[in-house]
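Q: Pasting in a structure now, in structure tokens, and then I'll have a few things to ask.
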Amino acid sequence: MKNLILPIILLASFTSIDVNANNNIPIEHFWCDSAMTSGSLSPNGKYFATMVPASGPKCAISTNDDGEDNQSPRVLLVVNLENNTSQQLSGTSSGARILWFTWLSDSRIAFYRQPQAGLDAYSMWAINIDGTKPKLLVPGKWEDGYPTGANLMDTLEEDDRHVLVSYNKRRPKVTDVYKLNIYSGKLTMVAKDPVNDGQTALGWAIDQQGNVRGYQAVKGLYTYLYHRNDNDSDFKLLRKFKFQEPSFSISTYSYDPRYVYMRGQAVAKNGDVIDDSDTDAMWLYDAYNDEFVEKVFEHPRYDVGGIAISEKTQKPVYVTYYGDKPERVWLDKDLENVYASIEASFPDDKVSIGSWTKNEDKAIVTTWSDRNPGEMYFYDRNNGSISFIAKSRPWINKNEMSPMIPIEFEARDGLLISGYLTVPVNSDGKNLPLIINPHGGPNARDTWGYNREHQFFASRGYALLSMNFRGSTGYGRSHVKSANKEWGRKMQDDVTDSVNWAISQGIANPDKICIHGASYGGYAVMAGITKTPDLYKCAVNYVGVTDMKLLFTERPKVWEIWDEQQKVEIGDYSSEKEFLDEVSPIKMVDRIKTPLYIVHGKLDWRVDIKHAQVLKRELIKSGKKEGEDFWWMVKGDEGHGFVKPANNLELYSELEKFYATYLN
């Protein structure tokens, strides 16, 4: 395996890294910016682009004299693979920080900036690979409580000056499809959301030929799928689905415009459910005859993810789903053999191959695992070579990282719960201090892979346990529906049952267990220390929900379209106040005797800062003292979770001391 030579800015930094080999790995190694973020080939395979810190990929976190984050700007780097020369695109270093990028053509790249930290609105820029003609194409901003901006939908292969984007330009709540000139920024509408009967469009579907074929909309408890067979036809209602009932959505299109790959359950046009599978399956659907042709794949426990289509053969390659780890079900034997040969070179890692050229002779290979934060390679299929490009975090020694082990247990009512246990490297995995870590969402799930928070705490000697409690996604409709109106009840019992499982297995020291969670996970922290106040020795509520009333009254405007569905999942505060107050942590502050650290960002639009503020007020009213019974960190330049390295360094330095006090 050879190395792909990259510019001096990278090579010099790699040779200067001092990897700390002792057990006390510096906090900075977990929270500084990556040496290289993302990496992809131009469509013709002649160029490689990536994001790097302008000062080089060294692990250093600093602040200026005012205590503000003083990190090197992230810039785009483009390497000519034919002559091995590179160019740092200086036009990308000014202004708000670059978050991600994508190729628009062989010679032009789009990149995205966040104009205001903490607010999820992103400006779309473009620049030539030689650094010329930088242009703000579509500004990102907040308007009337909605984030506005453009999302790239299709690069229009036969048109190197235009792309398709979805953009809520006309009204913040309404998203249309435009043809965007990638040099001038001129927009031409090609599909308009008709706003039928007060419905809100959620997303558009583009076929392999670049035609706008369908969209999905929502109103109340119903989702509406609209479709058409050509650009000259009007969109017609294909199906109407009730929330949490059998439904399907467009996954992707076949190269034959007649056929669509649908994800979900097969439902006939008269409303009859053809196949009421609990998990989402992948189906081949005939759009011209409005009928399901065949079931491509279904897993009995896990929802299908998506389906990959080869641009070269125009045939399906594999179907994905996420079990304990990400999995592929192969449909193309040739590419399966290619993947197998590459995977054989990295037996301890997962292998992701992306950014294929059109003729599938070159690609970028990323290897990663629970202990490996990521390494990139250039794959040339013509000669079978794999050339090393870079490590995302070269200061991390993966041999010092801790394993993340898939686990499962039965909840008290018999429901099977999956999760992940991170055990400190070189420990025997027994009688350990344990941090319970419920995920946010709650309509989300924990996954296997490198988790820097888990790795940091494990490096300090703590085991971590995350669980996909009922309501977590990816395990079928029944798993989700079993969480209806169970906030603080059965959902919290699942968290408690995970603690009891860890104790019964001899993993956890029952006298050294804390709980740490963000967003909904922060709610689970507060529910845990009020519902089971003797179970935890300490707790960290990170941007968490504390007040069920505020959850309803301080909802962001952009979420109003989900109000009726939230009543099914959580409840209706206007008519079920007593029921919801029974699981509102703010109503049970007098039960709290667990040392508590509260962390929040003032710019958080998902969980308003008021959740933290009222909690602090009620703790003080109940006689608790800051610095003795509870601790407080709020940052004015952060939103729903800290992003800036300097803020994370400060936070985890404090949490290191906090956990050491109660778990050591």
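Q: Where in the range 272-319 are there strands (runs of 3 or more DSSP E), lying fully within it, with 1 or more residues that are within 13 Å of Ser247 (Cα to Cα) and touching a Ser or Thr at 6+ places or on another chain (Cβ under 8 Å)?
A: Here the list reads 281-286.
Q: So, of the residues in the range 485-518 that are in contact (Cβ under 8 Å) with a residue 40 or more places away in the chain and of a type in the set (Asp, Glu), which turns out to be surrounded by the most Cβ atoms within 10 Å (Cβ to Cβ)?
A: The residue in question is Asp494.
Q: Report whether or not Pro147 is under 17 Å from Leu603 (Cα atoms) and touching a helix residue (DSSP H, G or I) at 6+ places or on another chain (Cβ under 8 Å). Don't jump to the end; show me each part of the working.
A: On the way: under 17 Å from Leu603 (Cα atoms): yes; touching a helix residue (DSSP H, G or I) at 6+ places or on another chain (Cβ under 8 Å): yes.
Yes.
Q: Moving on to the next point. Kindly list the number of the only condition in (1) closer than 25 Å to Glu628 by Cα; (2) free of Cβ contacts under 8 Å to residues at least 24 places away in the same chain; (3) of a type outside the set (Asp, Glu) that fails for Pro595.
A: Status for Pro595: all satisfied but (2).
Q: With Gly185, Gly220 as the choices, which residue is under 29 Å from Trp103 (Cα atoms), at pLDDT 95 or above and either of a type outside the set (A, V, I, L, M) or open to solvent by less than 50 Å² (accessible area, probe 1.4 Å) (or both)?
A: None of the others qualify; the one that does is Gly185.
Q: While we're looking at this one, here's another question. Evaluate the following for Gly623: is it over 30 Å from Tyr222 (Cβ atoms) and part of a loop (DSSP other than H, G, I, E, B)? Reasoning before the result, please.
A: On the way: over 30 Å from Tyr222 (Cβ atoms): yes; part of a loop (DSSP other than H, G, I, E, B): yes.
Spelling it out, Gly623 is indeed over 30 Å from Tyr222 (Cβ atoms) and part of a loop (DSSP other than H, G, I, E, B).
Q: Look through Glu408, Glu343 and report the one residue that is surrounded by fewer than 21 Cβ atoms within 10 Å (Cβ to Cβ) and farther than 28 Å from Thr313 by Cβ. Please lay out each step first, then the result.
A: Numbers: Glu343 fails: farther than 28 Å from Thr313 by Cβ.
Selected residue: Glu408, the only one of Glu408, Glu343 that is surrounded by fewer than 21 Cβ atoms within 10 Å (Cβ to Cβ) and farther than 28 Å from Thr313 by Cβ.
Q: Could you figure out which of (1) on the phi < 0 side of the Ramachandran plot; (2) in contact (Cβ under 8 Å) with a residue 12 or more places away in the chain; (3) not charged (D, E, K, R) isn't true of Ala344?
A: Here Ala344 meets the rest and fails (2).
Q: Buried (at least 17 other Cβ atoms within 10 Å of the Cβ) and part of a strand (DSSP E or B) - does that describe any residue in the range 332-340?
A: no
Q: Which of the residues that make up the range 164-204 are part of a strand (DSSP E or B), out of contact with any His (no Cβ under 8 Å at 6 or more places or on another chain) and aliphatic (A, V, I, L, M)? Write out each step before concluding.
A: Filtering the range 164-204 down to residues part of a strand (DSSP E or B) leaves 164-171, 174-181, 187-191, 200-204.
If we keep only those that are out of contact with any His (no Cβ under 8 Å at 6 or more places or on another chain) as well, we get 164-171, 174-178, 187-191, 200-204.
Once the filter is applied, which keeps residues that are part of a strand (DSSP E or B), out of contact with any His (no Cβ under 8 Å at 6 or more places or on another chain) and aliphatic (A, V, I, L, M), the range 164-204 yields Leu164, Val165, Val174, Val177, Leu187, Met189, Val190, Ala191, Ala201, Leu202.
Q: Looking only at the range 455-467, which residues are surrounded by fewer than 24 Cβ atoms within 10 Å (Cβ to Cβ) and in a loop (DSSP other than H, G, I, E, B)?
A: Arg460, Gly461
Q: What are the residues in the range 253-269 that are under 31 Å from the mean Cα position of the chain (by Cα) and at negative phi, if any?
A: Hits for the range 253-269 are Tyr253, Ser254, Tyr255, Pro257, Tyr259, Val260, Tyr261, Met262, Arg263, Gln265, Ala266, Val267.
Q: Looking at the range 301-310, can you tell me whether even one residue there is aliphatic (A, V, I, L, M) and in contact (Cβ under 8 Å) with a residue 60 or more places away in the chain? First the steps, then the outcome.
A: Within the range 301-310, the subset aliphatic (A, V, I, L, M) is 304, 307-309.
Then drop every residue that is not in contact (Cβ under 8 Å) with a residue 60 or more places away in the chain, which leaves 309.
The answer is yes, given that some residue of the range 301-310 is aliphatic (A, V, I, L, M) and in contact (Cβ under 8 Å) with a residue 60 or more places away in the chain.
Q: Pull up the range 346-388, narrow it to residues that are of a type in the set (Asp, Glu) and crowded, with 17+ Cβ neighbours inside 10 Å, then point me to the one that is farthest from the chain's Cα centre (by Cα).
A: Glu360
Q: Pairs needed: first member in the range 561-574, under 10 Å from Lys219 (Cα atoms); second member anywhere, open to solvent by less than 40 Å² (accessible area, probe 1.4 Å) and not in a helix (DSSP H, G or I); C-beta distance under 7 Å; at least 6 residues apart or different chains.
A: Final answer for the pair search is Ile561/Thr200; Ile561/Val218; Glu564/Gly220.
Q: Which members of the range 389-432 meet the condition of being of a type in the set (Gly, Ala, Ser), assigned to a strand (DSSP E or B) and within 30 Å of Gly474 (Cα to Cα)?
A: Ser418, Gly419
The values are calculated or read from the model by the stated rules, or taken from the named source; none is laboratory data. In this text, all values refer to a predicted model and were calculated from it rather than measured experimentally. Here the Cβ is made from the backbone with ideal geometry for all residues, glycine too, and neighbour counts use every protein chain on show. Heavy atoms of the whole protein, side chains included, go into the accessibility calculation; ligands, DNA and RNA do not. Shrake-Rupley method; radii C 1.70, N 1.55, O 1.52, S 1.80 Å.
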